[in-house]
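Participant: Starting off with a structure, shown below.
All of the numbers you see were taken from the coordinates with simple rules; none came from a lab. Model, not experiment: these values are computed from the prediction. So basically every Cβ, Gly included, is an ideal-geometry build from the backbone, and we count neighbours across all protein chains shown.
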Amino acid sequence: MVRVVVIGGGPCGLVTLKEMLEAGHDAECFESKDYIGGVFGADPDAAYDGLYLTTSNVFMAYSDFPCKDAKIRYSRKDEYAQYLVDYAEAFGLMKRLTLKTTVDSAVRKDGTWAVVTTTAGGDRVHR
């Protein structure tokens, strides 16, 4: 079993976390915000409120988690954010996600990665 750290809980980080867990690795994800989804997340300042995806819901969906609406349409930012939350919940990813935690450094030394994180409370953790 390999220990894996995923940095960022956006669309790519979520699917990476899921795939690493399914491959049998000890994986965890650190997200600096208090929500998942990256620019599609809950923060209204991450992207403007009237944002619509330029790729349809069918093509933005993960192959193992199809969109609920099979009719091709272009999702609003908040709809896609909810899709990502549903995806994370469906595959049990939330228990492997640590929110409000930044990754300060990841250094490889003697074949091992040393990862240092900082929590919202200011605690530095060496992993």
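Participant: Considering only the range 1-113, give the helices (runs of 4 or more DSSP H) lying wholly within it that have at least 2 residues that are in contact with a strand residue (DSSP E or B) (Cβ under 9 Å, 6 or more places away or on another chain). I'd like the intermediate steps shown before the answer.
Facilitator: Details: elements: 11-22, 57-60, 77-90.
Fully inside the range 1-113 and qualifying: 11-22, 77-90.
Participant: For the range 59-78, does any single residue satisfy the condition of being of a type outside the set (D, E) and touching a Lys or Arg at 6+ places or on another chain (Cβ under 8 Å)?
Facilitator: Taking the range 59-78 and keeping what is of a type outside the set (D, E), we get 59-63, 65-68, 70-77.
Retained after the next criterion (residues that are touching a Lys or Arg at 6+ places or on another chain (Cβ under 8 Å)): none.
Scanning the range 59-78 turns up no residue that is of a type outside the set (D, E) and touching a Lys or Arg at 6+ places or on another chain (Cβ under 8 Å).
Participant: Quick check on A81: is it within 13 Å of the chain's Cα centre (by Cα) and of a type outside the set (K, R)?
Facilitator: yes
Participant: Scan the range 40-53 and give yes if some residue there is crowded, with 20+ Cβ neighbours inside 10 Å and under 12 Å from the mean Cα position of the chain (by Cα), otherwise no.
Facilitator: yes
Participant: I would also like to ask the following. Pick from the range 54-69 the residues that are farther than 12 Å from L84 by Cβ and of a type outside the set (S, T, Y): which of them is surrounded by the most Cβ atoms within 10 Å (Cβ to Cβ)?
Facilitator: Residues of the range 54-69 that are farther than 12 Å from L84 by Cβ, as a first pass: 54-59, 63-64, 66, 68-69.
Narrowing further to those that are of a type outside the set (S, T, Y): 57-59, 64, 66, 68-69.
On the way: N57: 20, V58: 13, F59: 9, D64: 12, P66: 11, K68: 10, D69: 12.
Among residues in the range 54-69 that are farther than 12 Å from L84 by Cβ and of a type outside the set (S, T, Y), the one surrounded by the most Cβ atoms within 10 Å (Cβ to Cβ) is N57.
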